[in-house]
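Q: Please read through the structure below; I'll follow up with questions.
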Amino acid sequence: MSLLVTRGLVKHFGDTHAVDRVDFTVREREVLALIGSNGAGKTTLVNLISGLLRPDGGRIVFQDRDVTHLSVHGRIEAGIARSFQLVNLFDRLSMLDNVALAIFSRQGKTRKLMALADADRAVWEEAIEILRLFGLEAKARVPAAGLSQGERKLLDVAVAYALRPKLLFLDEPTSGVSTREKAPIMDTITSVVRREGISAAIIEHDMDVVFNYSDRIVAMHQGAILADGTPAEIRVNEAVAINLLGTTHA
Amino acid sequence: MDFFFIHLLNALLSAATLFLIAGGLSLIYGVMRIVNLAHGNLYAFGAYVTAWTLGRALAGAPTPLLYLALPAGAVGAALLGAVLEPTLLRPFYKRAEEYQLLVTFGLLMILGDVMHFVWGPYPLSASALWENSGSVSIAGNPYPNYNLVVIAIGGIAAAFLWFFVYKTRFGVVLRATSQNMRMASALGVDVNRMYVQAFTLGCFMAGLGGAIIVPSQSAVLDMGVDALVLSFIVVVIGGLGSLEGALVGALIVGVVREAGIAWFPEIELAVLYLMAAAVLLVRPAGLFGRAT
Amino acid sequence: MSTLAVAVESRSPVRRLVWAMPVAAALLVYPWVASQYQAMLLAYGLVMAIAALGFNLLLGYTGLLSFGHSAFFGVGAYTVALMVKYLNVGSMELFLVGAVVGSAVVAGIFGFVCVRYTRIFFGILTLALSQVLWSLAFKFFWVTGGTDGLRVPTPMLVGFSGGKTDKIEFLAHAYYYYVLVIFFACVASMWVIVSSPFGKALQAIRDNETRAEFVGIQVRRYRWVAFLVSGVFTGVAGALWVPLNGLITPENLHWTFSGKIVFMTVLGGFSAFAGPIIGAVLYNYLEAYAVGNTVYWQFVLGTVLVVLVLSLPTGVVGTADRLIARWGGRS
Ligand SMILES: Nc1ncnc2c1ncn2[C@@H]1O[C@H](COP(=O)(O)OP(=O)(O)O)[C@@H](O)[C@H]1O
Ligand SMILES: [Mg+2]
């Protein structure tokens, strides 16, 4: 079953064809890796699907519903959430507040002006639970600005996860993190995703990580999809080997 | 038709001073990304310096000498600007916009009272130049020659600025800095020097605006605050940071004001503010602004 | 559950009330121990504190610097004056209702236009729109009295008029307490608003607009609501201010008055809840003192502002907080 399907998705920046007639699919209950060299169009594709950018052409269908013209808010309600390549957090709010805010928003409670946020124990308990899941609970009260790069990356993921999406896009969740820290982060993310029975599409450069953790791999090159298959298939794919692996360190 | 002509001249007259003030404001914003709330008071300062020079220091002097001394206010405002930028504004370039605005708001209050202290609470006038310049007859009505001089100065200033910004080396550096301060700095531009020069030039323009207005109107303490809001309208319509925009904005505001005074005096100002708001809504960067 | 306990309990309202109680008590006894002049001066300060509190919902919590809050203050005040002039109303409660409605309508419209922008464009737009009202008040003198303004008599408070008491006596006592009650109500409701999930959402918008959108917050709509609430608080302040001052002129609609509201808030510190309150009261004393002692009071205030921004960017409350924290850290 396909969760998300794009048909002929197009985005130009001037003369750059950042995303060029892309048919992209995410299935239910899978961990998908989106790979490709810098500038291949991965982030732009996620921006289009999550609603940050408007496509110049093509359609986006999520759970058999056309979401091409839906607002960001509408897409989140439908079940699409994302993290950011360059960490995007509420820097002056604590870690706990960052996560709690996503929960309040998900539950439609941010429309309440005359209720104390702190009094809503269920939300805070869930927020703590999520931080614990990502191994972040020790610094729950630290403002997001005061965290290490790795912690910020994880928190960014945790905030997206707190929206309880059906499809989670993670844009390079382990970039800027030391090699040693990568495995635990990916362990955490993939175990959460699998346990909840949701899908994740993860943009990743480290091919070891990609082959270890994903069910399926989609490779992009110059705005188009170059290959799509299981890790075993991609490993032996010649186009990928020439265009991608040749240029990366794998 | 001649009736129309007089209105047109009046519109050009107010556009000339407005262009000088708003052009200075816009130039400073374009280069330094600072909205100087005290800018209006530099205009007022120019007006006071010229009023004092012509009306007190040179009272009774022959007309040509008065004309020669007219730019005193521009020079005074430029000197003041050259002192203010490095001392008061420079510490704030790395700080949030709120603080920059507040410092210039503080400066607005300070400058207002400095003028109050130096020149007293009463209007200061220097109308000799205006009176001595005589008038021409347009459609049977006398029209002051001095007003024509102001329009000419506005035009010359615009041409001069255009030449300065587009045809000189200084202009090239200035435009480069306004487009990308970091890159200009990496290419060896002395940004601090550029800033003080741009600020001084902006203040010179405001001061010149004050100087040329003063023979026909007295210098009064409130004039700066009122002029600032009008020049806001001009730069918002034309686009913050654009000199062409300031020119076109000043012409539009000049025409609307003149029409307003004639036909809808009660809502003349309201119409101008609403115009500014409308332009911001439709084209946030103004008619000539670059989207940033 | 211990982490949760630590994280949530430590910011419980009880801890703050420990600070607030003595202050509230002092405010309650003040008219009995201070002169009438002093009590009135404090009443002015409390009124401005309400205005600044409203203003800071935008600056401190939503990250929007308005240079047009004079509009809402002025609308609140002129609503009262016009109700007196045209409807012959004398009840303060009706004045407050009128001011809330008036400022809500104006803030609703202005907000609709302004929240599309942020930063300097937002500031200039609010300024331009507030100046529209100023120019109307200035030019339509047959309605507004022009620069002469409109006079407002002492109102009836909860049905009671001051009767034969002296006007100053009335303002320094009965009216002081009236202001104080509204002040408490405003502080309490603003505190709830900024501590509500909505308030958290505003802070999220302030910190990171894009991410706020991506946790499902409709940024513009929330900014608009914040704008509306902010305008209404400032409008209420305007309504309370007129009877105290006895006169409203277009000066209170002018953008320089907006500048004063910004000044007060930064003086106290816009990152702390109490910042605008303390800033407004302090500013009020500062201005009264400067105006009473020199004609060059603007010079004094301008210098204070520049020095303040240069040396205490977090304001009085922010700096005090830091000092207390450092002191506490050492011991
Ligand atoms: N906002 C933008 N404006 C202009 N060009 C852009 C923008 N975003 C991305 N691009 C261009 O689109 C192409 C794809 O970029 P991106 O999607 O970020 O690649 P990836 O994430 O695969 O590294 C690149 O050539 C990039 O320079
Ligand atoms: Mg990318």
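Q: Of the listed peptides B:178-184, B:234-240, what is their order by residue-averaged count of other C-beta atoms within 10 Å, with the highest listed first? Each step should come with its number before you reach the end.
A: Numbers: B:178-184: 14.9, B:234-240: 28.1.
The densest-packed peptide leads the list: B:234-240, B:178-184.
Q: With everything on Cα atoms, drop me the angle between helix A:95-106 and the longest principal axis of chain A, reported from 0 to 90° to the nearest 10.
A: 80
Q: Let me ask you something else. Provide the three semi-axes, in whole Å and in decreasing order, of the ellipsoid equivalent to the stretch C:136-248 as defined by the square roots of 5 times the Cα gyration tensor eigenvalues. Walk me through the numbers before you get to the answer.
A: Values: eigenvalues 287, 86, 14 Å².
They are 38, 21, 8 Å, listed from largest to smallest.
Q: Still on this structure, I have one more. So what J values fall out for the stretch A:164-180 if you push phi through Karplus, 6.51 cos²θ - 1.76 cosθ + 1.60 with θ = phi - 60°, rounded to Hz, Gly and Pro as x?
A: Listing the rounded values in order: 6, x, 8, 9, 10, 9, 10, 8, 6, x, 10, 6, x, 10, 5, 3, 5 Hz.
Q: Compute the semi-axes of the equivalent ellipsoid of the stretch B:149-235, taking the square root of 5 times each eigenvalue of the Cα gyration tensor, and list them largest first in whole Å. Kindly include the intermediate steps, with their values, before the conclusion.
A: Values: eigenvalues 176, 49, 22 Å².
Largest first, the stretch B:149-235 gives 30, 16, 11 Å.
Q: Then there's this: Taking each residue in B:267-275, count the Cβ atoms of any other chain within 10 Å of its Cβ, then average. What number comes out?
A: Working: counts 5, 2, 7, 9, 2, 4, 10, 5, 1.
So the per-residue partner count for this stretch is 5.
Q: Also, quick follow-up: How do C:132-141, B:260-269, B:194-203, B:56-65 rank on mean C-beta neighbours within 10 Å, highest first? Could the numbers behind the result be given before it?
A: On the way: C:132-141: 20.6, B:260-269: 14.5, B:194-203: 23.3, B:56-65: 11.5.
Ranked by mean Cβ neighbours within 10 Å, highest first: B:194-203, C:132-141, B:260-269, B:56-65.
Q: Provide the convex hull volume over Cα atoms per residue for the stretch A:73-175, in Å³.
A: On the way: hull volume 10.0 nm³, N = 103.
Here the figure is 97 Å³ per residue.
Q: Hey, can you grab everything whose amide H is under 5 Å from the amide H of A:Leu226? Only 5+ residues off in sequence or another chain; H modelled, so Pro and N-termini drop out.
A: Under 5 Å from the amide H of A:Leu226 lie the amide H atoms of A:Ala219, A:Met220, A:His221, each far enough along the sequence or on another chain.
Q: Got a sec? What order do A:Trp124, C:Trp297 fall in by accessible area at 1.4 Å, biggest, i.e. largest, first?
A: Largest accessible area first, the list is C:Trp297, A:Trp124.
Q: For B:Ile138, list long-range residues whose amide hydrogen, built 1.01 Å from N in the peptide plane, is under 5 Å from its own amide hydrogen.
A: Hits under the 5 Å cutoff: B:Tyr143.
Q: Report, as an integer, the average count of C-beta atoms from other chains found within 10 Å of each Cβ along B:29-35.
A: Working: counts 1, 0, 0, 0, 1, 1, 4.
Mean partner shielding for this stretch: 1.
Q: How much accessible area does A:Lys182 have with a 1.4 Å probe, in Å² rounded to the nearest 10?
A: 30
Q: Using just the helices of chain A, give the 222 nm mean residue ellipticity in deg cm²/dmol: DSSP H runs with n ≥ 4 each add -39,500 (n - 2.57), and the total is spread over all residues, rounded to 500.
A: Working: 8 runs with 84 residues, N = 250.
So the helix-based figure for chain A works out to -10000 deg cm²/dmol.
Q: For chains C and B, what's the summed buried accessible area, probe 1.4 Å, to the nearest 100 square angstrom? Mind dumping the intermediate values first?
A: On the way: alone 16860 and 13980 Å², together 26880 Å².
That pair of chains buries around 4000 Å² in total.
Q: What are the ³J(HN,Hα) couplings of the stretch C:295-312, residue after residue, when phi is run through the Karplus curve with 6.51, -1.76, 1.60 and θ = phi - 60°? Round to Hz, x for glycine and proline.
A: 6, 8, 5, 5, 4, 4, 5, x, 5, 4, 4, 5, 4, 4, 5, 5, 10, 10
Q: Using all C-alpha to C-alpha distances in the stretch C:198-331, build P(r) with 5 Å bins and read off the rounded percent in each one.
A: The percentages, shortest bin first, are 2, 9, 12, 17, 17, 16, 12, 8, 4, 2, 0.
Q: Given a cut-off of under 8 Å on Cα pairs at least six residues apart, what relative contact order in percent is computed for chain B? The partial results should precede the final answer.
A: Numbers: 489 pairs, mean separation 108.3, N = 292.
Relative contact order for chain B comes out at 37 percent.
Q: Now a separate question. Using a 1.4 Å probe and ignoring any ligands, DNA or RNA, find the accessible area of A:Asp56 and quote it in Å² to the nearest 10.
A: For A:Asp56, solvent-accessible area is about 90 Å².
Q: Further question on the same structure: Restricting to Cα pairs below 8 Å that are 6+ residues apart, what does the relative contact order work out to for the stretch C:3-253? Please round to a whole percent.
A: Working: 340 pairs, mean separation 101.2, N = 251.
Once divided by the residue count of the stretch C:3-253, the mean separation gives 40 percent.
Q: Only Cα pairs under 8 Å and at least 6 apart count here; give the relative contact order of the stretch C:237-307 as a rounded whole percent.
A: On the way: 43 pairs, mean separation 12.3, N = 71.
Taking the mean separation of contacting Cα pairs over the length of the stretch C:237-307, I get 17 percent.
Q: Still on this structure: Amide H neighbours of A:Phe169 under 5 Å, at least 5 residues apart or on other chains, H built in the peptide plane: list them.
A: Result for A:Phe169 returns A:Ala81, A:Arg82, A:Ser83, A:Ala201.
Q: Measure of size requested: the Rg and Dmax of the stretch B:147-193, with Cα atoms as the atom set and Å as the unit; please supply both.
A: 14.5, 46
Q: Please state the Cα pair-distance histogram of the protein assembly as shown with 10 angstrom bins from zero: what percent is in each bin?
A: Pair shares across the bins are 2, 11, 18, 20, 19, 15, 9, 4, 1, 0.
Q: Rule-of-thumb check for chain A: C-alpha Rg over 2.2 N^0.38 Å?
A: Working: Rg = 18.1 Å, N = 250, 2.2 N^0.38 = 17.9 Å.
Against the compact-globule rule of thumb, the ratio is 1.01.
Q: Next question. Once the Cα atoms of helix B:2-32 and of chain B are each reduced to a long axis, what angle between those two axes, in degrees from 0 to 90 to the nearest 10, is obtained?
A: Result, in degrees: 20.
Q: What is the ratio of the Cα radius of gyration of the stretch C:3-253 to 2.2 N^0.38 Å, with N the residue count, to two decimals?
A: It is 1.08.
Q: From zero outward in steps of 10 Å, how is the percent of C-alpha pairs of the stretch B:1-121 spread across the bins?
A: Taking all Cα pairs of the stretch B:1-121, the binned fractions are 12, 35, 31, 17, 5, 0 percent.
Q: Have a look at B:Pro284, A:Ile203, C:Leu157 and report the one farthest towards the positive end of the charge dipole of the protein assembly as shown, computed about the Cα centre with Cβ charges (Lys/Arg +1, Asp/Glu -1).
A: A:Ile203
Q: Quick one: work out Rg over Rh on the C-alpha atoms of the stretch C:49-105, Rh as Kirkwood radius.
A: Working: Rg = 13.0 Å, Rh = 12.2 Å.
The Rg/Rh ratio comes out at 1.07.
Q: How much solvent-accessible surface does C:Thr294 expose, in Å² to the nearest 10, with a 1.4 Å probe and all protein chains in place?
A: Counting only protein heavy atoms, the figure is 40 Å².
Q: Please list B:112-121, B:33-42 highest first by mean number of surrounding beta-carbon atoms within 10 Å per residue.
A: Values: B:112-121: 16.4, B:33-42: 27.4.
Peptide ranking by packing, descending: B:33-42, B:112-121.
Q: On to the next question. For peptide A:145-154, how many partner chain Cβ atoms fall within 10 Å of a residue's Cβ, on average?
A: Details: counts 1, 0, 0, 0, 0, 0, 0, 0, 0, 0.
Taking all residues of A:145-154 together, the mean is 0.
The values are calculated or read from the model by the stated rules, or taken from the named source; none is laboratory data. On a predicted model such as this, the values are computed, not experimentally measured, just so you know. A quick note on method: Cβ atoms are made from the backbone with ideal geometry, for glycine too, and the neighbour counts reach across all protein chains shown. Side chains included, ligands, DNA and RNA excluded: accessible areas come from the protein's heavy atoms. Shrake-Rupley method; radii C 1.70, N 1.55, O 1.52, S 1.80 Å.
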